[in-house]
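Reading through the structure tokens given below for one structure.
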Amino acid sequence: MNIVAPYIERTSRTIRQLDAAAANRIAAGEVVERPASAVKELVENALDAGATRIDVVYAAGGKGLIRVTDNGHGIPAEQLGLALSRHATSKIDGHDLTNILTFGFRGEALPSLGAVGTLTLTSRAAGSDAAAVVRVRGGDAAPVRPAALSEGTVVELEGLFSATPARLKFLRTDRAEAQAISDVMKRLAMSSPAVAFTLADVSDRNNPRQVLRYDAQSGDLFDGLRGRLSAILGPGFVENALQIDAERDGVRLAGFAALPTFSRGAAVAQYLFVNGRPVRDRLLHGALRAAYGDVLSRDRHPVAALFVDCPPEQVDVNVHPAKAEVRFRESGVVRGLVVSSLKHALAAAGHRGATTTGTGMLGAFRPNIEPTGPIQSVGWTSRRPGGVPSATALLENAEMWSARVEQPVVTEGAQDPEKEAESFPLGVARAQIHQNYLVAQTDDGLVIVDQHAAHERLVYERLKAERARSGVASQLLLIPEIVELDSGACCRLLDAASDLAELGLVFEPFGGNALCLRETPAILGEVDGRALLADIADALEEGTGQGGLAARIDAVLSRMACHGSVRSGRRMSGPEMNALLREMEATPLSGQCNHGRPTYVELKLTDIERLFGRR
Ligand code: ADP
Ligand code: MG
């Protein structure tokens with residue numbers, strides 16, 4: 001049985017040339033994914049036109065209105081119509097696609113936008129004494145008419161996607177679309193520090209709201225960048241960043257890379273540019289990660305704004321519809337340059353992390369379970385003596401435990417309590433060293449536990465279990481905490497508010513970019529509300545585009561767990577340490593932390609003997 005044939009028969013087999021409007025709508029599907037992509041195309045056009053000031057306004061997240069005003073060289077009246085037709089561009093002559101120095105070159109943006117909304121293009125060419133306007137709606141252009149405008153170009157786009165309702169349905173909330181617009185603006189503003197930018201939300205006509213304002217920066221490349229990056233990322237970034245300026249084989253790398261201590265919980269603050277073009281490039285992101293490999297743990301992500309400049313023929317910018325990706329001819333050179341110059345700068349800054357690898361010692365220590373598999377050792381879950389409080393409970397109420405508390409891990413009536421405890425898989429705690437590691441003696445060796453990593457895992461598993469049962473229990477804050485965040489973080493959190501409430505995190509908008517935090521997951525105890533919300537916002541961003549919050553819940557819970565965990569540096573009493581060991585034994589997957597690192601390592605007596613040459 002052929003179930004495909006009936007469908008084929010229903011469609012005609014005659015080949016037809018689609019009309020211009022249909023072709024433009026199809027092209028728009030690639031070029032203009034959401035309002036932010038329209039803003040990107042229009043601002044890039046303004047930059048290509050040599051503008052030194054660019055003002056952008058939007059309404060209803062850009063779905064209602066987008067208007068970009070620039071003071072660039074403008075378009076002569078007789079060419080306005082041409083600017084709106086497909087594959088019409090002033091930027092290349094078509095003979096050499098390897099020498100592209102402008103953002104645009106395909107001549108697709110304006111006709112695409114005119115096909116999916118109402119586009120009004122008003123412009124006055126430099127040196128001309130009059131301006132002209134042309135309007136195109138759903139692909140139909142009206143005749144060019146005279147207009148009033150003192151300089152530059154104004155492009156107004158109304159009812160974006162009104163001609164393509166299917167696309168409209170895929171857009172997110174106004175707030176999320178507005179956020180994407182401001183992200184696009186920030187990236188473009190970083191690459192052009194000498195240009196002044198403003199962004200305003202005019203959804204409420206009587207009360208326009210300025211969203212961004214970046215004044216033109218003067219001075220050399222680094223002065224300009226420093227000023228602009230401070231304005232966009234806050235002064236903390238440049239203060240905590242290393243200036244990078246390196247060159248190899250005609251490729252230059254310039255910009256700022258933050259110290260490892262200034263890292264983030266997700267790869268959300270990595271701004272990369274190739275010949276001034278903002279890109280999300282796997283090669284460059286990978287190189288950045290590799291450069292920090294020694295000095296950052298796997299769950300932390302470097303913050304950087306880096307500009308790669310190379311001769312245009314070394315890079316193909318025509319590999320992605322929105323030109324967000326590029327392909328390097330000599331990718332090895334670029335990667336090598338990024339890795340080596342950043343490593344060098346980090347080492348020179350004296351922040352290279354101490355590492356024990358290479359001493360040969362570490363090989364002897366090993367977690368006694370595979371870090372990826374669940375714990376399967378027999379007896380691990382059944383041996384917790386009755387009446388022992390869980391480690392989490394103990395740690396939540398650490399003050400409750402004074403030196404007089406009897407060691408709770410000891411089974412009552414045991415002949416030799418210590419021997420008995422040693423027969424537990426993780427042994428009996430002997431000491432805490434460097435206020436972060438517990439050393440425990442087992443019956444045939446010793447175990448070193450990373451107290452923070454271990455506890456984090458326990459809290460995470462508990463959160464998951466609570467969620468699966470009845471929802472995560474929350475506790476009301478006595479005094480609600482007002483937390484100020486950047487607008488992106490704020491917006492992501494508010495979008496996920498109802499889902500987060502089920503995870504025990506309750507907050508509401510508090511005007512501007514502030515949230516009022518009312519409840520936190522009870523299991524976390526006292527937390528730093530700001531840090532918790534900021535990290536969860538990062539987790540949400542990392543998962544954007546991978547389905548709803550459901551798909552990201554584990555990431556969110558993992559972040560929560562991190563906040564509820566015993567910090568490294570906290571002194572633990574004997575009972576606390578032993579309770580932690582016992583709960584680890586009883587918890588599946590406790591051999592690895594939420595980030596895949598081991599929570600403990602074990603050294604067998606035979607290994608120790610080998611180390612001392614006794615075997
Ligand atoms: P592209 O940027 O790929 O050339 P567009 O469709 O974005 O294609 O624009 C078509 C042409 O219209 C550009 O090549 C340019 O000549 C002109 N143009 C568009 N926007 C502006 C602007 N803001 N200022 C001056 N000229 C513009
Ligand atoms: Mg363009």
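Values as computed for the structure displayed
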| quantity | calculated |
| --- | --- |
| Residue list for the range 70-93, filter: farther than 23 Å from ALA166 by Cα, surrounded by fewer than 20 Cβ atoms within 10 Å (Cβ to Cβ) and among the charged types (D, E, K, R) | GLU78, LYS91, ASP93 |
| Qualifying positions in the range 79-93 - under 21 Å from GLY138 (Cα atoms) and within 13 Å of ligand 2 (Cβ to nearest atom) | ALA83, LEU84, ARG86, HIS87, ALA88, THR89 |
| Residues of the range 247-262 satisfying the condition of being farther than 14 Å from SER331 by Cα, open to solvent by 20 Å² or more (accessible area, probe 1.4 Å) and either modelled with pLDDT of 90 or more or not β-branched (Val, Ile, Thr) (or both) | GLU247, LEU259, PHE262 |
| Test: residue in the range 153-162 that is part of a strand (DSSP E or B), more than 30 Å from VAL308 (Cβ to Cβ) and open to solvent by 40 Å² or more (accessible area, probe 1.4 Å) | yes |
| Residue ID - least open to solvent (accessible area, probe 1.4 Å), chosen from residues in the range 44-64 that are within 15 Å of ligand 2 (Cβ to nearest atom) and over 17 Å from VAL184 (Cβ atoms) | ALA49 |
| Long-range neighbours under 8 Å by Cβ, at least six apart or interchain, first residue outside the structural domain of SER191 (by TED's automatic domain parsing) within the range 42-55, second acidic (Asp, Glu) and away from ligand 2 (no atom under 13 Å from the Cβ) | none |
| Among residues of the range 588-607, those that are at pLDDT 80 or above and either touching a helix residue (DSSP H, G or I) at 6+ places or on another chain (Cβ under 8 Å) or at positive phi (or both), counted | 4 |
| Set THR98, THR89: member being within 6 Å of ligand 1 (Cβ to nearest atom) and closer than 23 Å to PRO321 by Cα | THR89 |
| Condition broken by ARG67, with the remaining ones in (1) open to solvent by 50 Å² or more (accessible area, probe 1.4 Å); (2) more than 9 Å from ligand 1 (Cβ to nearest atom); (3) over 24 Å from ALA163 (Cβ atoms) satisfied | (3) |
| Among the residues listed as THR52, THR14, the single one being closer than 21 Å to VAL211 by Cβ and either more than 29 Å from the chain's Cα centre (by Cα) or modelled with pLDDT of 90 or more (or both) | THR52 |
| Residue in the range 125-133 that is under 24 Å from ARG25 (Cα atoms), at pLDDT 90 or above and either touching a helix residue (DSSP H, G or I) at 6+ places or on another chain (Cβ under 7 Å) or of a type outside the set (A, V, I, L, M) (or both) present | no |
| Test: THR102 is farther than 29 Å from LEU212 by Cα and within 14 Å of ligand 2 (Cβ to nearest atom) | no |
| Residue check, ARG462 modelled with pLDDT under 90, open to solvent by 40 Å² or more (accessible area, probe 1.4 Å), under 29 Å from ALA176 (Cβ atoms) and in contact with a helix residue (DSSP H, G or I) (Cβ under 9 Å, 6 or more places away or on another chain) | no |
| Selected residue [more than 30 Å from GLU33 (Cβ to Cβ), open to solvent by 20 Å² or more (accessible area, probe 1.4 Å) and away from ligand 2 (no atom under 14 Å from the Cβ)] from ASP129, ASP140, ASP96 | ASP129 |
| Of all residues in the range 22-43 being within 11 Å of ligand 1 (Cβ to nearest atom) and farther than 18 Å from SER85 by Cα, the one that is least open to solvent (accessible area, probe 1.4 Å) | VAL43 |
| Residues of the range 282-299 satisfying the condition of being open to solvent by 10 Å² or more (accessible area, probe 1.4 Å) and modelled with pLDDT of 85 or more | ARG282, LEU283, HIS285, GLY286, ARG289, ALA290 |
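The values are calculated or read from the model by the stated rules, or taken from the named source; none is laboratory data. Here the structure is a predicted model, which is why all the values come from computation and not from measurement. With ideal geometry, Cβ positions are generated from the backbone for all residues, glycine too; neighbour counts draw on all protein chains shown. These area figures cover heavy atoms from the full protein model, side chains too; ligands, DNA and RNA do not enter into them. Shrake-Rupley method; radii C 1.70, N 1.55, O 1.52, S 1.80 Å.
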